[in-house]
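No lab work stands behind these numbers, since they all come straight from the coordinates. Predicted model only: the values in this text are computed from it and were never measured. Cβ placement follows ideal geometry from the backbone for every residue including glycine, while neighbour counts extend to all protein chains displayed.
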Number of protein chains: 2
Amino acid sequence: MNPTITAFERSPDRGRGLARDMRIRWALEEVGQSCDVRLVSFAAMKQPAHLALHPFGQIPTYEEGDLVLFESGAILLHIAQRHLGLLPEGANARARAMAWLFAALNTMEPPIVEYGMSKLFERDKPWFEQRHPMLEERVRTRLGQLSAHLSDTDWLDGDFSLGDLMMVTVLRRLDGHGVVEDYPHLAAYVARGEARPAYQRAFQAQLAVFNRAAAGPATPPSPATG
Amino acid sequence: MNPTITAFERSPDRGRGLARDMRIRWALEEVGQSCDVRLVSFAAMKQPAHLALHPFGQIPTYEEGDLVLFESGAILLHIAQRHLGLLPEGANARARAMAWLFAALNTMEPPIVEYGMSKLFERDKPWFEQRHPMLEERVRTRLGQLSAHLSDTDWLDGDFSLGDLMMVTVLRRLDGHGVVEDYPHLAAYVARGEARPAYQRAFQAQLAVFNRAAAGPATPPSPATG
């Protein structure tokens, strides 16, 4: 039986693959496991039925038989431990791959999220002009360190692993901000991730959800343009 | 042979157990594994020798034979997988414990860190009075959700696990801010963690490092008070 994941009924990223279900879709594609997707509205995410799956009212969740998981990092790790393809052979190499998973989520993602939220929600605040460059500098410090590490390797530690999968999705949150482009090693790294057939299939699947929602009754095509 | 971890030569928390080596010290105490501790200065953390262990120039690191790890979450997971005591029996329960580890690091810690950094580094900025309450509200939203989950259980999912260990250390970052105190379930939860003998031993060990540094040549006792 397929696992079931949850995803946004209408993703705020407009189908650019930045929502966190993309990580799980991509991982499942890498290991050749199909899944069922249950779409949830923002209102439903805050209701008891969803909160019983995810105490913080977010997506994605993951249901597989009796098991219910939340947190994209934990779901990714679970998939990697149950299937071949996302963790290397050898206990030490596996531990190092997991270190990169945590680095993506706990060292790289927080300053990147802050930077993105500042642009989205604080652009009209009186402090934006002064504060935003500080946030960009924090992001650039981390990007520079990561870029130094990737200067002569394709992936973070040996072959592609769950650490790379997570790191690429975290770096993609900077898509459209013109920052990653200043770090050629990182831009190439993200492109390598995006070029993987499993990534492509996952990306198309989440885009199809957004396109169906956008074509649905909430925003009917106007007679003038449709 | 003992593993070796790194810790601040002089912790900016002044020995309150908020630095991230505390997580590893506590975990090792829980499983009965001693360790060697190598202290590093802020200057040394940015030098090539330390960057070879930790690409982002932080502490803690973990060395065990040929294995070098960074990221407190990854080190904690590694310890829990090698020793009994921090992960439950049963694959599903283990996966759920790991979900709480990620929740502590990726859902709870980022807004808590932002809140703390705002108080530390932005108090004199013109935007502090307007912006800080927003950050506190973000933290309180997460605390309220976590508190609801802990309203009738001692630990996050069954017995004490690595998820609780990490969550308690993350909540302790709010120590002295007068926020957790508004959530009696959370305050009791943190107190339960702090009451564990392994926590106490780890806390004393890191405090001893700070006290030795504070008594050292960098700040000699003045003749008047010494």
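Within the option set B:159, B:182, being under 17 Å from residue B:100 (Cα atoms) and either aliphatic (A, V, I, L, M) or away from chain A (no Cβ under 14 Å) (or both) holds for one residue only, B:159. For the stretch A:41-65, taking the residues that are facing chain B (nearest Cβ under 10 Å) and of a type in the set (Gly, Ala, Ser), the one that is farthest from residue B:139 (Cα to Cα) is identified as A:65.
Every test in (1) under 25 Å from residue B:121 (Cα atoms); (2) outside any helix (DSSP H, G or I) is passed by residue A:137 save one, and that test is (2).
Of all residues in the stretch A:74-124, those satisfying the criterion of being more than 7 Å from chain B (Cβ to nearest Cβ), over 26 Å from residue A:160 (Cβ atoms) and not small (Gly, Ala, Ser) are A:115, A:117, A:119, A:120, A:121, A:122, A:123, A:124.
Of all residues in the stretch A:125-142, those that are more than 11 Å from every other protein chain (Cβ to nearest Cβ) and touching a residue at least 12 places away in the same chain (Cβ under 8 Å) total 4. For the stretch A:1-33, a tally of residues being under 9 Å from residue A:202 (Cα atoms) and more than 11 Å from the chain's Cα centre (by Cα) returns 2.
When you scan the stretch A:152-222 for helices (runs of 4 or more DSSP H) that lie fully inside it, which ones turn up with 1 or more residues that are over 21 Å from residue A:109 (Cα atoms)?
A:197-214
Restricting the search to strands (runs of 3 or more DSSP E) fully inside the stretch A:21-106 and requiring at least 3 residues that are touching a helix residue (DSSP H, G or I) at 6+ places or on another chain (Cβ under 6 Å) gives A:67-70.
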